Amino acid sequence: MHVRTRIAPSPTGFMHIGTLRMALSNYLFAKKNGGEFLIRIEDTDQKRLVPGAVENLLKTLAVFGLGHDEGPVLLADGTLSEKGPFGPYVQSQRLPMYQKYAEQLLTDGHAYRCFCTAERLEEMRTAQTAAKQTPRYDRLCLKLSAGEVSARLTAGEPSVIRMKVPEGSTTIKDLVRGEVTISHQEIDDQVLMKSDGFPTYHLAVVVDDHHMEISHIIRGEEWLPSTPKQTILFGMFGWKVPEFAHLPLLLNPDKTKLSKRQGDVAVEEFLQKGYLPKTLLNFIGTLGFNPKADQELYTLQELIELFDLSKVNKSGAVLNHEKLDWMNHHYLNAMGEAEFFTTLGAFSAEIDLQNELVRRAVIIERPRVNTLAEFVPAIAPYLSAEGYEPAILVWKKADVVDAKMQLAGMLEHLKMLDQKTFSEIVLLEASVKAYITDKGLSNGNVLWPLRVALSGREKSASPFELLWVLGKEESLKRIEKAIKIIE
């Protein structure tokens, strides 16, 4: 079987992290099996469309290097085009095809016209719910004769086309969950064509997957209840049913379904917080699926080679932010210095990497941060040591008099050091510690007020790192200011 996969997002806003996960899974499966990965835009629900959403989707996928073989493409001038032999790849441009197949279902007796109003349907559902029944259409319009249907259509009465679900059951052979059998008594007579001439998801997806020769449908488990309806439709048309794989839901740490209320859900939000694309790909690529028990970090090529639907967990995958931070920390620190500074500079205009002090501050803080966004607050103490309380200059085992004396002594010692000593952290540390030893002083009494004077913070980098970043002139200025503050 020649493998062809697809994602079919609705252009309703920013890309959900779950959509990126589905795109990656379909991409990995297609590439591992020498097939094609497609993008199709499902925009039949015109009320929910967001301008620019398709462009944003394509830009986001490009950031992650998930190139598609067919579907819409964003040109250099910002306009949309498409590539591939099975277009259009936007559903609103395929309406005549859906109408044709809806009429075929009517002719073959697999569907029927329904003229029920929204008010009647709501009353029906309310009554069924009160009776503790599963809400479903009661097939009132199935009893209409051909003449009655014709007369009501001629009169201009709005109608929809419903699928006539046959008796029996449907068994789905899911590549993740195994066999799943659902009785047709649990399936509603789904609306296939709305009164505005647009198809519903169920008709459009079946027609498109058939005509675009999709071999495997890999999607989230929330679509599992829809699969029998679509399988029935494939059968009604006499078409081959693609293979299905339903991946488990993404969950919050408390095991509830991933939601905006408990954190970020849009891919753009993760990128804006400074998570690297390679981190996110590695992270979501191993949610509910880890190819090797002794490995956590994978390249995209390794994920392609190791991807196996049979090894995907059936239970929900928890979005573990601690693991995400750990993974991003690793990738940030694994970069070469040139790549790292280029990446940070592209991420934040607030960080002036032409400033040598800033570059040194970034180097010191790099092993301590988890995301690119954390660099802005992390380097703040190096840029300014304003507005701190004099009390924090005093070591817990000392007093104000001692703190002032230690700062004054350190000021004089540092004045005597040459620029070569200030050029290396190890030389600064050796010099300061030798001073402490020679004077018979305590590390805490000397280093605490020195560090606070240089950073203006109770918690910061070591005083030796601060001296190296700030340089001799700025370090002396801050110590002199601290002595004035403590007085």
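Readers should treat all values here as calculations from the given coordinates under stated rules, not as data from a laboratory. Please read these numbers as outputs of a predicted model, since none were measured by experiment. Don't worry about glycine lacking a Cβ; one is built from the backbone with ideal geometry, like all the others, and counts go over all protein chains shown.
Peptides 131-138, 164-171, 442-449, 198-205: what's the order by average Cβ count within 10 Å, highest mean first? Write out the running numbers ahead of the final one.
Values: 131-138: 11.9, 164-171: 13.6, 442-449: 19.4, 198-205: 22.1.
Going from most to least packed, we get 198-205, 442-449, 164-171, 131-138.
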On average over all directions, what projected area in square nanometres does segment 335-374 have, based on the convex hull of its Cα atoms?
2.7 nm²
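Let me spell out the model: positive unit charges on the Cβ of Lys and Arg, negative unit charges on the Cβ of Asp and Glu, origin at the Cα centre of segment 335-374. What dipole size does that give, in debye rounded to 20?
Numbers: 4 positive and 7 negative charges, 24 e Å.
That gives segment 335-374 a dipole magnitude of about 120 debye.
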Net charge dipole size for segment 94-247 [Lys, Arg +1 and Asp, Glu -1 on Cβ; Debye, nearest 20]:
220 debye
tail above 13 Å in the computed P(r) of segment 100-147, as % of all Cα-Cα pairs, reads 64 percent
Local electrostatic count, Leu251, Cβ distance below 12 Å [Lys/Arg +1, Asp/Glu -1]:
0
For Arg6, Arg219, ascending order of other Cβ atoms within 10 Å (fewest first) is Arg219, Arg6
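Under a Cβ-only charge scheme (Lys and Arg +1, Asp and Glu -1), can you give me the dipole magnitude of the chain about the Cα centre, in debye to the nearest 20?
Roughly 680 debye for the chain.
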Given the options Leu224, Ala391, Ala131, identify the residue whose Cα lies farthest towards the positive end of the charge dipole of the chain (+1 on Cβ of Lys, Arg; -1 on Cβ of Asp, Glu).
Ala131
Normalised by the number of residues in segment 94-247, what is the relative contact order in percent for Cα pairs under 8 Å and 6+ residues apart?
25 percent
Which listed pairs, of Lys47/Lys100; Lys415/Lys439; Lys439/Lys484; Lys47/Lys229; Lys32/Lys229, have C-alpha distances above 20 Å, in listed order:
Lys47/Lys100; Lys439/Lys484; Lys47/Lys229; Lys32/Lys229
Specify the angular offset, from 0 to 90 degrees and rounded to the nearest 10, of the alpha carbon long axis of helix 356-365 from the longest principal axis of the alpha carbons in the chain.
70 degrees
Hey, what D do you get for segment 342-429 in µm²/s if you plug the Kirkwood alpha-carbon radius into Stokes-Einstein at 25 °C and 0.890 mPa s?
156 µm²/s
Report the Rg/Rh value for segment 334-487, based on alpha-carbon coordinates and the Kirkwood definition of Rh.
0.99
Quick test of your reading: applying the under-4.7 Å Cβ rule, which cysteines of the chain are isolated?
Cys116
How high is the relative contact order of segment 23-94, in percent, counting Cα pairs under 8 Å that sit 6 or more residues apart?
34 percent
Taking +1 at the Cβ of each Lys and Arg and -1 at the Cβ of each Asp and Glu, which of Ile161, Val446, Gly197 sits farthest along the dipole of the chain towards its positive end, judged by Cα position relative to the Cα centre?
Ile161
Helix 227-237 axis, angle to the chain major axis (alpha carbon atoms, nearest 10°)
40 degrees
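Would you mind getting the Kirkwood hydrodynamic radius of the chain from its Cα pairs, rounded to one decimal in Å? Let's see the in-between values first.
Working: mean 1/r = 0.0365 Å⁻¹.
Taking the inverse mean of 1/r over all distinct Cα pairs, the chain comes out at 27.4 Å.
Among DSSP beta bridges whose residues both lie in segment 94-247, state the antiparallel percentage, nearest 5.
The antiparallel fraction comes to roughly 70 percent.
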FRET E, pair Val376, Ala155, Förster distance 45 Å, beta-carbon r, rounded to 0.05
0.10
Pairwise label distance in nanometres, Val401 with His321, each label 7 Å out on the Cα-Cβ vector:
4.9 nm
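Students often check this: by mean Cβ neighbours within 10 Å, which of 384-391, 280-287, 300-307 ranks highest, and how do the rest follow?
Descending packing order for the listed peptides: 280-287, 300-307, 384-391.
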